[in-house]
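Below: one structure, written as structure tokens.
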Amino acid sequence: MKLLASTTSEKPSLWIFGYGSLVWKPDFKYKRSKVGYIEGYSRRFWHGDNFHRGDKDVPGRVVTLVEDQDACTWGVAYEVTDSQMEESLQYLNVREAVLGGYVTKMVEFTPREKYQGSLLALVYIATSDNPIYLGPATPTEIAAQITICRGNTGHNIEYLLRLAEFMRLYCPEVEDDHLFSIEAAALALVI
């Protein structure tokens, strides 16, 4: 299956949009990256993680996208080309789909840089029919769960804090109330 989203110097390429741990830990080879956003989705800590940031007894909470016509979600799009494409997709299939329960979708990504056109990007989304989908909860409930969870790649709170740090560093003008209210609740529990 070939997913061609753009061509650069006559070489096929694919853009992959990350809005969770991919913004700070892509762990795959890519040609370049761009900070930007997709419209029509809200980032929510509604997905369970029983491998990377939690376990089978106490699943962690990680982000997914929820359709929301009035919202946009900021993150990073990575361009993978030729030889990187197959390797990157194999890696991400295990990381996001097999271990994380995410499905793929193509979305329109708009780079932050002015005068750059939008492009198609592959994104991983966990839906409510996934067995480890946790759904909505209050920021305090989500924070309480995050502060006690740990998985194979580390503490769940690290995931939360690194995502909030990315938003402050690369998208300082963007208010992500869901993310920042959970961060504040989690910090209040651990400090």
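The values are calculated or read from the model by the stated rules, or taken from the named source; none is laboratory data. Note that the structure is a prediction, hence the values are computed from the model and not measured. Note that each Cβ is placed from the backbone with ideal geometry, even for glycine, and that neighbours are counted across all protein chains shown. Calculation scope for accessible area: heavy atoms of the full protein, side chains included, ligands and nucleic acids excluded. Shrake-Rupley method; radii C 1.70, N 1.55, O 1.52, S 1.80 Å.
General observations
- Ranking of L119, L161, L14 by solvent-accessible surface, largest first: L161, L119, L14 (1.4 Å probe, protein heavy atoms only, all chains present).
- To the nearest ten degrees, helix 139-148 and the longest principal axis of the Cα atoms of the chain are 90 degrees apart.
- Model label zone, V174; criterion: amide N under 19 Å from point 7 Å along Cα-to-beta-carbon; scope region 23-42: 23-27, 32-42
- Selected from G154, Y91, C171, residue furthest toward positive end of dipole (region 38-188; charges at beta carbon): G154
- E96 - accessible surface, heavy atoms, 1.4 Å probe, Å² rounded to 10: 20
- Local electrostatic count at T153 - Lys and Arg +1, Asp and Glu -1, tallied over other residues with Cβ under 11 Å: +1
- Considering only alpha-carbon pairs that sit under 8 angstrom and 6 or more positions apart, the relative contact order computed for region 47-166 is 36 percent.
- Think of each Lys and Arg Cβ as +1 and each Asp and Glu Cβ as -1; about the Cα centre, that makes the dipole of the chain roughly 480 debye.
- Lysines whose Cα lies under 18 Å from that of K11, excluding same-chain neighbours fewer than 8 positions away: K2, K29, K31
- Semi-axis lengths, largest first, of the ellipsoid equivalent to the chain are 28, 19, 14 Å, with √(5λ) applied to each eigenvalue of the Cα gyration tensor.
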